[in-house]
Each structure stands twice: as structure tokens, then as C-alpha cells.
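The values are calculated or read from the model by the stated rules, or taken from the named source; none is laboratory data. Given the structure is predicted, the values throughout are model-derived calculations rather than measurements. Because the Cβ atoms are built from the backbone with ideal geometry, glycine has one as well, and the counts that use them run over all protein chains shown. In case anyone asks, the SASA skips ligands and DNA or RNA and just uses the protein heavy atoms, side chains included. Shrake-Rupley method; radii C 1.70, N 1.55, O 1.52, S 1.80 Å.
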Amino acid sequence: MKRLPTLVEGLDDILNGGLFEGGVYIFEGPPGVGKTTLANQIAYTLARREIRTLYVTMLAESHARMLQHMEQQIFFDQQEVSATVFYVSGYRELEQGGLKAVVGLLRGELIRHRASLLVLDGLVVDSLSTTTNDAVRQFVHELQSLVSAMSCTCLILTSGNSNSLSAEQTMVDGIFAFEDHGFHWRAERRMQVRKFRGSMVLRGQHTFCLSSKGVQFFPRLESLPLVDASARMGPDIVPTGWRVLDAALRGGGFLSGSASLVVGDSGTGKTTLALAFAAASGADGTALVLSCTELASDLRRLSTELGLGVEAALFRGELMIRNLGQEDESMDEMGHQLLRLVDEFKIRRLVVDGVAGLADTLAFKDRGYRFLGRLLVELRRRGVTCLFTMDPEALAVAAGAPLADGLVGWFDNLFVFDATPASDRLVNQRILRVAKIRGGAALKSSVDIAVSLPQGA
């Protein structure tokens, strides 16, 4: 069967290529969750390919009001209104002739505008509660026959409140359930494909967001097809940025493509070590620092005070600093954003400063272990040598649960800062324990780190 790609970021990945031509699909969910925005986004994006859309409103907001809202969206193009995107009201037909009259309206308008996409917005409301199930089934059957004969794909936008056009009572080709999941003081938009005929889809719930770009979907990272499961650490050595640490590692650094975790309490030197690693990128390629708990400006100030060479690397274009998870983003949104930056800028060194930033999401407690494992696989597949930092106490607070013992098992190398109180150690001295080195061995079990002298002994 021929596909009709939605061209919406992430959605076609979930659907394994898009909708099917001639299919009828229900978008159900509460008001304000983004169904109307998504339908318009699909329509105007397809319009760039000269694909026509018939958008029929029943008892939803007026066309003028809808277009006022759409003007704020980047995908909206006023020139496409009544050129490739046609708005028609079906209120009078529904009021006077019921569902049968609506079918007649749709038939005439589809022929008139030669549309390949049909959107029915606001058809299912409480005022239809007296409609019999037989009448609803007949309406859906006639609608399916109509769009199939005209090679047109149909989207029905509903409130999904178990009213007369209940999705479970129909013979539609697909059901998309949207929700605004609330948890304490936060909320997360989620979508699940409950039914999809003719193709495999990525099952389960996937998060999405609304912005001036429209709707963006973020498929669960661990549910995506694994392109290359044989990705391995490379033979090259990547210097850590600290001579004393390189001297403690056989080979003089990390294996390329490896993932390292630095664990320690707040103030022990995790960020200092990570910034030095990023600043040592040089000829290795561009480095990226993603800060989950501090502002990029604060990291730049810290690196300048400690003489880590970050400003020079930024000036040469060898280093980038970005903030991650600063706007209540979902875990998958942060994961996809990270991989997008890696791909776009061909990143070879990556620092994620603060795993607690990823853990401060609704899904981490249930999926964090699998998510992090898949994220590291994707980074290795791209040849990225990465270093994550973690404060166990901060992570436990953010995730709402103690650190799972198996979480650190995903990492190839593990380093732990000694928790010796500041009163019992020399000024600026830190003891870094080498807990695990995969694919090699450490020449020393621990090293002395002077946080104010990144290249010191």
C-alpha cells in the first residue's frame, strides 16, 4: 500500500514511514493537547509538495479563530489558504441532516478540491450522544469507502471521551491516543498508537512537545531499530586532558568510542575534570559539553578561573557548550536533542555534566536504565568518546529513588572521587579512584588530582 508521509518530526519514525493512502485515522485526546495544531501542521507541510487538504470543521472553533492561532506557527503559510488547504464548515449539514448529510458534503467538496488529505475536526461531541451505534458504524463505513475510492487519507479529530463515535466501536485503520500526563507540579505530553493496520509501529507511549515549530515527537530511544549492533570501541587513544590521569591508564587515555562515568559528591571536582577533557579536543574533532545542572555561562567562568583552556577551544571552534533540560523537557526529548547535535556538528568528544538532569524527568524512574544504555550505544555507533558526571545524592533526589546498582554497568570506565572531608585533605587535593577500565587496565588504582592545576602532577 502507498504511504502518505506526515513529514512531522519523529512521527513517521513511530509509524515506520507514515500513514497509508485511503486510510481513516482517529486522533483522540483532551482539548488543548495539540490535535488541531498537528492536523494543520501536516496539511501545510504537505502543501509544500502540492498535496491538497480539505479541512472540515463541525462544532470546533471558527476558521478565523483557528487561523489566528496558526499564524504563530512556523509551518503556517497564508498563501496556501484556499490554494492547497481548503477550510469548510459542516455544522449546518450535521445540524439539519445528521451524519448522512455530512457524507454528502464531504463527497462534493473532495471532488471539487481534489484533496488527498481530509481532516474532520470537532465531529465527535456530546451533542451526538443520541446517535445510534448503527448510524455511527454506517457513517464510518461510508467514509472509508469514500476516501478509499478517492485515494484520500482521512484524519478524525475527537475529544476521546467515550462518546458516540467511540474508537472501539469503529472499523478505522488507526487510533492515536494523545494525553497531557500530569504528575505533581509537572506535565508531559504523550502519544500512543493504539491501533495501526498494515504495518508495524513503535508501540508504547512516546512524548511530544508543542512549540512555534508545531508538534515534535520523540520516539522512545530504546524502541528505535538498532542500525548497527556491532559498534565497538576503536583502537585509537583519546587523551583525558589530565596528564596524571593519562599516566595512570594503560595506553595513555580512553579508548575511542568508550563511555566513562565520573562519580563524586558535589564540589569534588567532577565538572573540572570533564571540562578539561572537553577542552583537550584539538585535532580529535569538535567537542560538546551539555550542562544539565549549571548554566553555560557559569561553566565558562569556572573554566577561566581554573585555566582549563575552554575559552581558547571555543574561540577555535573546537568546543561547544549547550544547556540540556532547562525547560522541563522530557527524557526522550533531551536524548534526541543530544544525538541531533552530535550528528549536526560531527561531535567526537562529549561531556554530559550531571546525569541528575536526565533523571529529573517523569520517565527516568521506570525507563532510565534502558534509556541510558541505548543512548550510550548510539553514541558509540557514532564514534563518540563520552564522559558523564554523576552526583549520587543529586541523582537519587531527581529520580525519586536510590541509584540502581546496574546503572553504572553501562559505562566502560568508572572513576570515583574520594569522599574525604575537605578538613582532612590538602587544599585543592582530590583523590580519584580508578574503579573500572573496560578493554584495558589501569597502571594505578588511584591518582591525586589538584583541581586548580589541570595539567599538574
### Message
Given the whole protein assembly as supplied and a 1.4 Å probe, what does the accessible area of residue 159 come to in Å², nearest 10?
### Response
30 Å²
### Neighbourhood net charge (15 Å Cβ-Cβ; Lys/Arg +1, Asp/Glu -1) for residue 437
+3
#### Entry: Karplus-derived HN-Hα couplings along segment 351-357 (A = 6.51, B = -1.76, C = 1.60, θ = phi - 60°), whole Hz, x at Gly and Pro
10, 10, 8, x, 4, 4, x
### Message
If the reach is capped at under 23 angstrom between alpha carbons, list the lysines near residue 270, excluding any in the same chain fewer than eight residues apart.
### Response
436, 444
### Query
In whole Å and largest first, what semi-axes does the C-alpha gyration tensor of the chain yield when each eigenvalue is scaled by 5 and square-rooted?
54, 20, 19
### Message
Under 22 Å between alpha carbons, and skipping anything fewer than 8 positions from residue 2 in its own chain: which lysines qualify?
### Response
195
### Query
If amide H atoms are built 1.01 Å from N in the plane of the peptide, which residues on other chains or at least 5 residues away come under 5 Å of the amide H of residue 254?
238, 240
### Message
At 0.36 nm per residue, and after removing the present C-alpha to C-alpha distance, how many nm does the segment from residue 82 to residue 436 gain when stretched out fully?
### Response
121.0 nm
### Message
Given axes a ≥ b ≥ c from the Cα gyration tensor, I'd like to know whether segment 224-302 is rounded (a/c under 1.5), prolate (a/b larger than b/c) or oblate.
### Response
oblate
### Query
Where both partners of a DSSP beta bridge lie in the chain, what percent of those bridges are antiparallel, to the nearest 5?
40 percent
### Message
Quick test of the membrane-span-like rule: which DSSP H helices of the chain reach at least 27 Å along their long axis (C-alpha atoms) with mean Kyte hydropathy at least 1.6?
### Response
none
### Task
Report the label-to-label distance for residue 1 and residue 101 in nanometres (one decimal), using points 7 Å from each Cα along the Cα→Cβ vector.
3.2 nm
### Query
Could you sort 410, 242 by accessible area so the largest value comes first, with the probe set to 1.4 Å?
410, 242
### Query
Under 17 Å from the Cα of residue 213, which aspartates and glutamates turn up, not counting those fewer than eight places away in the same chain?
9, 12, 71, 77, 327, 329, 333
### R0 of 30 Å, Cβ-Cβ distance residue 183-residue 343: FRET efficiency to nearest 0.05
0.45
### segment 349-390 shape via C-alpha gyration tensor axes, a/c threshold 1.5
oblate
### Query
Per residue, how many Å² of accessible area does the chain show with a 1.4 Å probe?
45 Å²
### Task
With +1 on each Lys and Arg Cβ and -1 on each Asp and Glu Cβ, and nothing else charged, work out how big the dipole of the chain is about its Cα centre, in Debye to the nearest 20.
1140 debye
